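K.L.:
Here you go, one structure.
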Amino acid sequence: MAHRITLVPGDGIGPEVAEAARLVIAAAGVHVDWDVQEAGQAVMDREGTPLPDRVLDAIRGSRTALKGPITTPVGTGFRSVNVALRRELDLFASIRPSRHLPGVPTRHPGVDLVVIRENTEDLYQGVEFERGSRDVRRLAEDLDELAGYRLRDDAGVTVKPISVSGTRRIVRFALEFARQHGRRKVTVGHKANIMRFSDGLFLSTALEIDRTDYPDIELDAMEIDELAMWLAWEPSVMDVLLLPNLYGDIVSDLCAGLVGGLGLAPGANLGWEYAVFEPVHGSAPDIAGRGVANPIAIILTSALMLRHLSEDDAAARMERAVAEVLEEGRVRTPDMGGTSTTEEVAGAIAARLG
Ligand code: ATP
């Protein structure tokens, strides 16, 4: 039976790499009934919004989407279309695996880790007070009264909320993910000694979670600065990293860099109900329309999606085909030092699946 999947090609290089993903998924023998939904810059003029309701409705219907990058046009009322999508669908977990692949230059050949980032709390909620505003002056009075803290007149403030309920669900999600993917250890990153009521709460909630259903999975913790040191020094010892929103954002790009950069980095935004799979990279306007974008990030993203749909065999074959093409090193896009096109790379991967 065919899987129904919403395809949002997105902006910039999105449509080019999305086409490549379709080709490779078909070559892997997986039947998909694609529901293509345009979003982003292209629909802004026609529909007055870069994220029409029909896109959200389509994903609610299919429950699974493969998405290219979407840029947020200025003056749309959106701070970020991607954040709005995550919020509407309650995609509270962002998953970014970083695995070294053969033939890709790196200083850390043994890396095979996954960053799980909490997507709905922390400093990214947009609760901000602008320097010099009336609201920041009111806040300053409260801070003085409640905490004895004198906010400087020229300060701006961003708020960092972290809750027990938000933390519990991401910890459960991380344990479940670890079990399903044969992982052994979840390391919680934090700065609990400095931010006791936000990071401290994240840490204590994680450590207190009932793990009787996950006897094989170790859960430990590390301060985020120490974690940064380990990621530069010996990242191959890391397994699953569970991080609040801001650290997760930074560390997942860092980890993409450890294993070959944005052209190879897969990702997913998941909740209990819906799953949106998208490569880590953006729309890369500098190379859009030239047919030279690296499709491997979205192809590895598609493999993650196929696993989610219980197509483990096809996913494994796709990952193997990518590894073989990389190892052989003949067909590569310019970001990897080659001269091949997006289509040629996708074709070489597809040919190994036929
Ligand atoms: P955004 O704001 O949409 O995240 P950005 O410009 O900050 O976009 P990206 O679009 O992800 O970041 O890319 C940064 C640069 O990395 C691009 O300009 C491009 O040169 C390169 N790049 C990103 N993705 C790819 C890819 N798939 N293939 C080749 N090069 C890429």
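The values are calculated or read from the model by the stated rules, or taken from the named source; none is laboratory data. Here the structure is a predicted model, which is why all the values come from computation and not from measurement. Every residue, glycine as well, gets a Cβ built from its backbone with ideal geometry; the counts of neighbours run over all protein chains shown. To get the accessible areas, we keep the full protein, side chains included, count just its heavy atoms, and leave off ligands, DNA and RNA. Shrake-Rupley method; radii C 1.70, N 1.55, O 1.52, S 1.80 Å.
K.L.:
Might you work out the accessible area of D144 for me, using a 1.4 Å probe with all protein chains in place, and round it to the nearest 10 Å²?
P.N.:
Its heavy atoms expose roughly 70 Å² to the probe.
K.L.:
A further question follows. Any chance you could run the full-extension gain for D220 through T76? It's 0.36 nm times the residue separation minus the Cα-Cα distance, nm to one decimal. Intermediate results must be reported in sequence, preceding the final value.
P.N.:
Working: separation 144, 0.36 × 144 = 51.84 nm, distance 4.25 nm.
Using 0.36 nm per residue and subtracting the Cα-Cα distance, I get 47.6 nm.
K.L.:
Once the whole set of protein chains is in place, how much accessible area is left on E118, using a 1.4 Å probe, in Å² to the nearest 10?
P.N.:
10
K.L.:
Report the extension gain between F197 and A351 in nm, rounded to one decimal, defined as 0.36 nm multiplied by the number of residues separating them, less their alpha carbon distance.
P.N.:
50.1 nm
K.L.:
Which of the chymotrypsin sites (Phe, Trp or Tyr not before Pro) across region 118-191 are loop residues per DSSP, with 14 or fewer other Cβ within 10 Å?
P.N.:
Those that pass, being in a loop and sparsely packed, are Y149.
K.L.:
Same structure again: Tell me, what is the FRET efficiency for E176 and A316 to the nearest 0.05, using R0 = 22 angstrom and their Cβ-Cβ distance as r?
P.N.:
0.60
K.L.:
Enter the mean projected area of the convex hull around the alpha-carbon atoms of the chain, in nm², rounded to one decimal. Spell out each step's value before the answer.
P.N.:
Working: hull surface 77.6 nm².
Orientation-averaged projected area of the Cα hull: 19.4 nm².
K.L.:
Then there is this: For the Cα atoms of the chain, what angle does the longest principal axis make with the long axis of helix 164-180, in degrees from 0 to 90, nearest 10?
P.N.:
Value to nearest ten degrees: 30.
K.L.:
On to the next question. With an 8 Å Cα cut-off and a minimum separation of 6 or more residues, compute the relative contact order for the chain in percent.
P.N.:
In percent, rounded to a whole number, it is 24.
K.L.:
Considering only protein heavy atoms, what per residue accessible area in square angstrom results for region 241-354 with a 1.4 angstrom probe? Mind dumping the intermediate values first?
P.N.:
Details: 4360 Å² over 114 residues.
Per residue, region 241-354 has 38 Å² of solvent-accessible surface.
K.L.:
On C-alpha positions alone, give me the angle between the axis of helix 312-328 and the longest principal axis of the chain, in degrees, nearest 10.
P.N.:
So the inclination is approximately 80 degrees.
K.L.:
Listed highest first by mean packing, meaning other Cβ atoms within 10 Å per residue, what order do 310-320, 291-301 come in?
P.N.:
291-301, 310-320
K.L.:
Tell me the accessible surface of V188 in square angstrom (1.4 angstrom probe, heavy atoms of protein chains only), to the nearest ten.
P.N.:
Here the residue's solvent-accessible area equals roughly 0 Å².
K.L.:
Let me make sure I get this right: for region 1-136, a, b and c are the square roots of the gyration tensor eigenvalues over alpha carbons, sorted descending. Under 1.5 in a/c it's rounded, otherwise prolate if a/b > b/c, else oblate. Which is it?
P.N.:
Oblate.
K.L.:
Another question, then. In straight Cα distance, which lysines are under 17 Å from K160, not counting same-chain residues fewer than 8 positions off?
P.N.:
K191
K.L.:
Also, quick follow-up: In whole percent, what relative contact order does region 38-117 give with Cα contacts below 8 Å and a gap of six or more residues?
P.N.:
Relative contact order for region 38-117 comes out at 22 percent.
K.L.:
Please give me, ordered by residue number, the trypsin sites (Lys or Arg not before Pro) of region 65-119 that lie in loop per DSSP and have at most 15 other Cβ atoms within 10 Å.
P.N.:
Within region 65-119, the qualifying trypsin sites (Lys or Arg not before Pro) (loop, at most 15 other Cβ atoms within 10 Å) are R79, R107.
K.L.:
Rg to Rh ratio, region 69-209, alpha-carbon atoms and Kirkwood radius?
P.N.:
On the way: Rg = 19.3 Å, Rh = 18.3 Å.
For region 69-209, the value is 1.05.
K.L.:
May I pose another question? Run the dipole for the chain about the Cα centre, Lys and Arg Cβ at +1, Asp and Glu Cβ at -1, nothing else charged, and hand back the magnitude in debye, nearest 20.
P.N.:
Computed charge dipole of the chain: roughly 260 debye.
K.L.:
Sticking with this one: Just need the relative contact order of region 181-221 here, percent rounded to a whole number, with Cα pairs under 8 Å and 6+ apart.
P.N.:
55
K.L.:
Ranked from the most accessible area to the least, with a 1.4 Å probe and all protein chains present, what is the order of L203, L262, L242?
P.N.:
Working: L203 30, L262 90, L242 0 Å².
Correct descending sequence by accessible area is L262, L203, L242.
K.L.:
Related question: S165 to L139: extension gain in nm, 0.36 nm per residue of separation minus the Cα-Cα distance?
P.N.:
Length gained, S165 through L139: 6.7 nm.
K.L.:
Per 10 Å bin, what is the whole-percent P(r) computed from every C-alpha pair distance within region 205-253?
P.N.:
20, 51, 27, 2
K.L.:
Tell me, what HN-Hα J-couplings in whole Hz come from the Karplus equation 6.51 cos²θ - 1.76 cosθ + 1.60 at θ = phi - 60° for each residue of region 273-281, using x for Gly and Pro?
P.N.:
9, 10, 9, 10, 9, 8, x, 5, 5
K.L.:
Follow-up question, since we're still on this one. Can you give me the angle between helix 199-208 and the longest principal axis of the chain, using Cα atoms only, in degrees from 0 to 90, rounded to the nearest 10?
P.N.:
70
K.L.:
For V331, what is the net charge nearby, where nearby means another residue's Cβ is under 15 Å from its Cβ and Lys, Arg count +1, Asp, Glu -1?
P.N.:
Net of charged neighbours comes to -3.
K.L.:
If you don't mind, there's one more thing I want to ask. Considering the Cα trace of region 230-354, what is its radius of gyration and what is Dmax, both in angstroms?
P.N.:
According to the Cα coordinates of region 230-354, Rg and Dmax are 15.3, 42 Å.
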